[in-house]
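Below is one structure, written out as structure tokens; comments come after it.
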Amino acid sequence: MTLSVTANPSRQMSFALAMQAIIHGGPISRASIAKQTGMSKQTVSEIVRILEDGGWVQETGRTSGHVGRSATTYELVPNSALIAAVDLGGTKLRVALADLSGRVLSELVEPTHPDGGAAVARQIARLVDQVRDAAGIAADRLRLTVVGCPGVPDPATGAVRYAPNIAGIDRIDFRASVSQATGTPVTLENDVNLAVLGEQWLGAGQGIDHLVFIALGTGIGAGIVAGGELLRGATGAAGELGYLPFGADPFEDASLRIGAFERVAATAGIREAYLARTGTDRDVPAIFDAAATGDPAAREVIAETGRQLARAVAAVAAVTAPELVILGGSIGARPEILAATQTALARCFPFPVRLAPSALGPQAALAGAVAIGLTELHTALFARTGPGATIALPAPPTGLLHRAAE
């Protein structure tokens, strides 16, 4: 479906204002739209007619409980356009299909293709087709694919830099490869940036304009919202905490490849710390299990990981002064790490910093992909290029990711 909107900027703004009212206030009458936007009832009636003829809005009933005649109410047709949200990790690939209200219609998870590069692009397209088929949605309704990935997307080349766990995506135009495979425009974003947006929209950071999300797992990274805006930095690499110059020696070659801080704070560093204490190589979940049964070496390693993470929180807080720092990732979300970090932070940083665990868990990046996709798609469909004509996110849906009823 297409929406015929004149190139006149004021007309584009009128459509944007009307859709903003419908998206955020629906079901809503034409008179209420006119009152909220300041447009004439005639202009609103014409815009609603165009939107209804195009299949973008629909009648939902009539107002009641008011003095005088009732009025027809309208709301968005949620499945008139859809977004594919992708969370690409080194080991797992998650793909979800979301409608214009933010409701997730279908979702799939499978191991990331080991060949990386173009093979992963094709894998994404296959899973997108599968979630679309599962939801019974025609191919032409899919309008945008948002991919969250580790590393730093390069807007100039479409490659993804500093993502060593996914081979080849730094050597090809990965954005173009996914776009060609899916047949849709593609937005690439760092996965932790998406996670902080997801938590801000649906999770532990709802409504907070100064927010940090730190993901600790195989690697470590941060998504930073400052003044309500996502902070990417001049190169897009803001939040690459693994390269903080402490923990290990930052001047060693390994620190330039992996990051001095990541070498001691993430999965490999935790395993090495336990091995050094005991001579036994255990994976991270086993180390946590050992700590729970009283293993003193495991408890020391967890306490040391909390001290290291506290240093990172203090460094970020000293620069950005966030209202809240959310800890997530397979390691960062563990309650033992939260407790150890809180204890250590009070000893190394003089200002209070509020810490909280992720509310969305492994779905945080998907939620952020939906959030970015909704903003971009609503604006592209209904605001076009009108100066200042943008469509804000709808209110958070009920639950973490609002799913269709089974």
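Tabulated data for the structure shown
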| read-out | value |
| --- | --- |
| Inter-label distance, nm, simple model (7 Å from Cα along the C-beta direction), Gln342/Ala237 | 3.5 nm |
| Linear extension gain, Asp249 paired with Glu229, 0.36 nm per residue minus alpha-carbon span | 3.9 nm |
| Neighbour cut-off at most 13 other Cβ (10 Å), DSSP loop, trypsin sites (Lys or Arg not before Pro), region 8-100 | Arg69 |
| Relative contact order of the chain, pairs being alpha-carbon contacts under 8 Å that are 6 or more residues apart, as % | 18 percent |
| Pairwise label distance in nanometres, Thr72 with Thr280, each label 7 Å out on the Cα-Cβ vector | 7.2 nm |
| Hydrodynamic radius by Kirkwood, which averages 1/r over all alpha carbon pairs of the chain, in angstrom | 22.8 Å |
| Segment Val109-Ala138, extension gain: residue separation times 0.36 nm, minus the distance between their alpha carbons | 8.3 nm |
| Rg/Rg_globular for region 24-151, with Rg_globular taken as 2.2 N^0.38 Å and Rg from C-alpha atoms | 1.44 |
| D (Stokes-Einstein, µm²/s), Kirkwood Cα radius, region 9-76, 0.890 mPa s at 25 °C | 206 µm²/s |
| FRET efficiency estimate (nearest 0.05) - Cβ-Cβ, Leu256 to Phe351, R0 35 angstrom | 0.65 |
| Among Leu188, Leu275, Leu108: highest mean-square fluctuation, GNM of the chain, C-alpha pairs under 10 Å | Leu275 |
| Highest to lowest packing among 12-18, 195-201, 281-287, 167-173, scored as the average C-beta count within 10 Å | 195-201, 12-18, 167-173, 281-287 |
| Packing-based order for 79-88, 263-272, using average beta carbon neighbours within 10 Å, highest first | 79-88, 263-272 |
| R0 of 60 Å, Cβ-Cβ distance Gln42-Asp289: FRET efficiency to nearest 0.05 | 0.30 |
| Efficiency of FRET between Glu272 and Asp209 - r from beta-carbon atoms, R0 35 angstrom, step 0.05 | 0.35 |
| Centroid-to-centroid separation of region 244-270 and region 161-199 [C-alpha atoms, Å] | 24 Å |
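Readers should treat all values here as calculations from the given coordinates under stated rules, not as data from a laboratory. Keep in mind that this is a model prediction, so the values were computed, not measured. Cβ coordinates were reconstructed from backbone atoms using ideal geometry, including for glycine residues, and neighbour counts include every protein chain displayed.
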